[in-house]
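Read-outs: derived from the displayed coordinates by stated rules, not from any lab. The structure presented is a predicted model; accordingly, all values stated were derived computationally and were not measured. So basically every Cβ, Gly included, is an ideal-geometry build from the backbone, and we count neighbours across all protein chains shown.
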Amino acid sequence: MHLFLSAWLFLSMLGSPSPREVFAGTTPCGQLIRPLHNIPANKDCALVKWELTLFHDPRTQQPTTYRLTGESCHILPDNTHSQPDVQSESAGKWSIQQGTGNYTGFLIYQLSPEKGAAVRFVKLGDDLLHLLDEQGRYMTGDLFQSYTLNRIK
């Protein structure tokens, strides 16, 4: 009986969705990014490393809170690589909305920090979130950088 109960518990845990999702990436540093990562406007900042953890209610799987950690980097004078600078951590609530207009059929994840403006991502698949600007448009990078976070857990 004990073996049966242990096997049942193990199998039921395998089928349960995780109470969290973790996304990571490196994005350019910009005016939308700075407040979220507590980077002063006058601080030299080229890149920000993100790790975004989205927590779900374990019973309902509804969004609850998020934790965001980051590290800004500035480019060294020789322009060959960057050096870590400001580390940050923030938290708040998050929600999911159905996309409309150009985003019909997609989910929009909105982070609502304890202070400051909300930030939105479009969920492009199970493993990708892409940052939207204040007008709800895709943030665009360049050949080497984007505003996409990838699922790591």
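Tabulated data
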quantity: Under Karplus coefficients 6.51, -1.76 and 1.60, residue-wise ³J(HN,Hα) of the range 122-136 in Hz, glycine/proline x; calculated: 9, 8, 8, x, 4, 10, 9, 10, 10, 5, 10, 7, 4, 8, x
quantity: Estimated translational D of the range 20-151 in µm²/s (Stokes, Kirkwood radius over Cα pairs; 10 °C; 1.306 mPa s); calculated: 104
quantity: 19 Å reach of a label modelled at S95, 7 Å along Cα-to-Cβ, counting backbone N of the range 120-153; calculated: 120-123, 132-137
quantity: Label-point separation in nm, T60 to T104, each point 7 Å along Cα→Cβ; calculated: 2.9
quantity: Value of relative contact order over the range 20-151, rounded to a whole percent, pairs C-alpha under 8 Å and six or more apart; calculated: 22
quantity: Projected label distance in nm at L32 and A117, using a 7 Å step from Cα toward the beta-carbon; calculated: 0.9
